[in-house]
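Novice: Pasting a structure here, questions to come.
The values are calculated or read from the model by the stated rules, or taken from the named source; none is laboratory data. Because the structure is predicted, anything quoted here is derived from the model rather than measured. Virtual Cβ from ideal backbone geometry, glycine too; neighbours counted across all protein chains shown. These accessible areas exclude ligands, DNA and RNA; they are computed on the full protein's heavy atoms, side chains included. Shrake-Rupley method; radii C 1.70, N 1.55, O 1.52, S 1.80 Å.
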Amino acid sequence: MSRRFLLAQISDTHVRVDDEGASLRQLTRALAQARDYAADAILMTGDLVNDERDEEYAALATALIDPPAPLFLMPGNHDQRARIRAHFPTHQYLPQDGFLSFALDQFPVRIVCVDQIVPGETHGMLTDAQAEWLDRTLSVSSRPTIVALHHPPIATHDVLFDQIGLRDAKLLKTVISKHKHVRRIICGHHHRVVFGQVAHAPVIIAPSTSWAYGLALTDAQPIAPKTSEQPGWMLHIWSEQDGFVSHFMGL
Ligand SMILES: [Fe+2]
């Protein structure tokens, strides 16, 4: 069998300490499923906690003490960089200062994680400096690569989420179009599964483990209602023979 790599993407966990354990239970179930499927790595793509609170990060750190695979953290708009650094001191891949962007080179697939949050804001923004960092980082290797971020870099036609997505997504498109070895762009934020494209690269928006949002195509429709759609996570599978395939894993 050709070499295979399984990445569990767990997004928008929104861990709280006042929800009778609901958010942590969902995270724990996702981690158990990732263990059952023998995931090779776990990437949490932001909104780790709900309110940037120390107690929430402490609860998250406890839940992540013994993950079933190497686990990596990215910030979302509900996170605070300094608190992530403070509560996860053993996560050596996290830069000591500035943006929490990093590249993972130890797997058959390269994973490049871009921090594009804007402190205090709901939307995301790719700065010129982060775009240059991404361009430079993607130039290091032509191995198959996943680019991960929190905010979707595509218009989904949802009247709310298109206002609070990644601003200046054109800059990302300019960078990605130069690097044909980027095979997937993965993100979260929208709390629903959506597919799109940036340049040649398929984009997959992962669900939240905690709750799903409905879709509002017009102002007359409910804006960001919590729905009964199933929360979950994404399992991205890569093999030498077949490239990438991505599965929605319901919780
Ligand atoms: Fe979220």
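Novice: Just check region 97-183 against the gyration tensor rule for me: Cα atoms, a ≥ b ≥ c as the square roots of the eigenvalues, rounded for a/c under 1.5, and otherwise prolate or oblate depending on whether a/b exceeds b/c.
Specialist: prolate
Novice: Here's a follow-up. Please state, to two decimals, what the Cα-based radius of gyration of the chain comes to when divided by 2.2 N^0.38 Å (N = residues).
Specialist: Here the answer is 0.94, to two decimals.
Novice: Then there's this: Quote the FRET efficiency, to the nearest 0.05, computed for ASP162 versus ASP128 with a Förster distance R0 of 30 Å and r equal to the Cβ-Cβ distance.
Specialist: Calculated transfer efficiency: 0.85.
Novice: Give the Rg/Rh ratio for region 1-62, taking Rg as the radius of gyration of the Cα atoms and Rh as the Kirkwood radius, to two decimals.
Specialist: 1.07
Novice: I'd like the antiparallel share, as a percent to the nearest 5, of DSSP beta bridges with both residues in the chain.
Specialist: Counting DSSP beta bridges with both partners in the chain, the antiparallel share is about 55 percent.
Novice: Output the Kirkwood hydrodynamic radius of region 143-231, Cα pairs only, in Å rounded to one decimal.
Specialist: Kirkwood radius, region 143-231: 13.6 Å.
Novice: Carbon-plus-sulfur fraction of the accessible area of region 1-91, 1.4 Å probe, in percent? Kindly include the intermediate steps, with their values, before the conclusion.
Specialist: Values: 1890 of 3880 Å².
C and S fraction of accessible area: 49 percent.
Novice: Still on this structure: Does region 1-145 come out rounded, prolate or oblate, given a ≥ b ≥ c as the square roots of the eigenvalues of its C-alpha gyration tensor, rounded meaning a/c under 1.5 and, failing that, prolate meaning a/b above b/c?
Specialist: oblate
Novice: For region 217-222, in order, what is each residue's ³J(HN,Hα) by Karplus, 6.51 cos²θ - 1.76 cosθ + 1.60 with θ = phi - 60°, in whole Hz (x at glycine and Pro)?
Specialist: Rounded to whole hertz, the list is 8, 9, 5, 6, 8, x.
Novice: Express in whole angstrom the spacing between the alpha-carbon centres of region 7-46 and region 82-134.
Specialist: Measuring centre to centre over Cα atoms gives 19 Å.
Novice: Write down the accessible area per residue of the chain in Å², having rolled a 1.4 Å probe over the full set of protein chains.
Specialist: On the way: 10880 Å² over 251 residues.
I get 43 Å² per residue for the chain.
Novice: Once phi is turned into ³J(HN,Hα) by the Karplus curve 6.51 cos²θ - 1.76 cosθ + 1.60 with θ = phi - 60°, what whole-Hz value does each residue of region 87-102 show in order, with x for glycine and proline?
Specialist: 8, 10, x, 8, 7, 5, 6, 6, x, 5, 10, x, 5, 8, 9, 7
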